[in-house]
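What follows is one structure encoded as structure tokens, with my remarks underneath.
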Amino acid sequence: MSVMAENEKMKFIQKICKKTGTVYRQVSMPDWLVDHVAKDLWQVGEDQDIIVTDTTQVAQPAKFFLPVPKEAIIHIYGEYQDSDTPTDPKPVWTGPATDLEQMKNSAHDVAGDIWNAFTESGEWVGSSKSIVELP
């Protein structure tokens with residue numbers, strides 16, 4: 001694993017929907033590496049494109065199905081493996097997606113080995129089990 005210099009500029013590579021601009025995937029990497037990686041990172045459908053940007057409005061915590069708005073409030077439920085928003089147990093963590101993304105192992109850091117993540121509106125956005133087919 002290489003150690004990045006403090007002043008190394010980061011870029012975001014995003015797979016987006018051409019029609020809506022919805023971000024399907026996102027990774028960040030040093031500026032110097034972008035040209036080597038961007039075009040071969042993901043398969044791209046006819047209605048999709050790959051863009052490179054200096055800034056982003058989305059976060060993609062580890063094991064989240066798709067990026068979510070940085071300030072989206074996320075609820076992490078530990079020991080919960082259903083895709084429906086729970087009504088009984090309380091979340092083990094609640095906070096903005098950007099805070100979760102900054103943790104080394106994301107939801108695993110706050111919930112352990114088994115967890116599911118939901119937005120405030122109840123959308124299932126992440127799981128300790130990668131079981132969702134993505135665009």
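The table below lists the values:
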read-out	value
Counted residues, the range 79-97 - those being within 17 Å of P67 (Cα to Cα) and crowded, with 18+ Cβ neighbours inside 10 Å	1
Matching entry among K39, K15 (being farther than 29 Å from S121 by Cα and basic (K, R))	K39
Breaking point among (1) touching a residue at least 24 places away in the same chain (Cβ under 8 Å); (2) more than 20 Å from Y24 (Cα to Cα); (3) open to solvent by 20 Å² or more (accessible area, probe 1.4 Å), for I76	(3)
Failed item in (1) surrounded by fewer than 13 Cβ atoms within 10 Å (Cβ to Cβ); (2) under 17 Å from the mean Cα position of the chain (by Cα); (3) not hydrophobic (A, V, I, L, M, F, W, C), with S106 passing the rest	(1)
When residues of the range 20-71 are limited to those that are of a type in the set (K, R) and open to solvent by 80 Å² or more (accessible area, probe 1.4 Å), the one farthest from D99 (Cα to Cα)	K39
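For every residue, the table says whether it meets (1) within 22 Å of A107 (Cβ to Cβ); (2) in contact (Cβ under 8 Å) with a residue 60 or more places away in the chain.
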position	(1), (2)
K11	no, no
R25	yes, yes
M29	no, no
T55	no, no
Q81	yes, no
P89	yes, no
W93	yes, no
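The values are calculated or read from the model by the stated rules, or taken from the named source; none is laboratory data. Keep in mind it's a predicted model, so treat the numbers as computed, not measured. When we count neighbours, we look across all protein chains shown, and the Cβ atoms used for this are built from the backbone with ideal geometry, even at glycine. These accessible areas exclude ligands, DNA and RNA; they are computed on the full protein's heavy atoms, side chains included. Shrake-Rupley method; radii C 1.70, N 1.55, O 1.52, S 1.80 Å.
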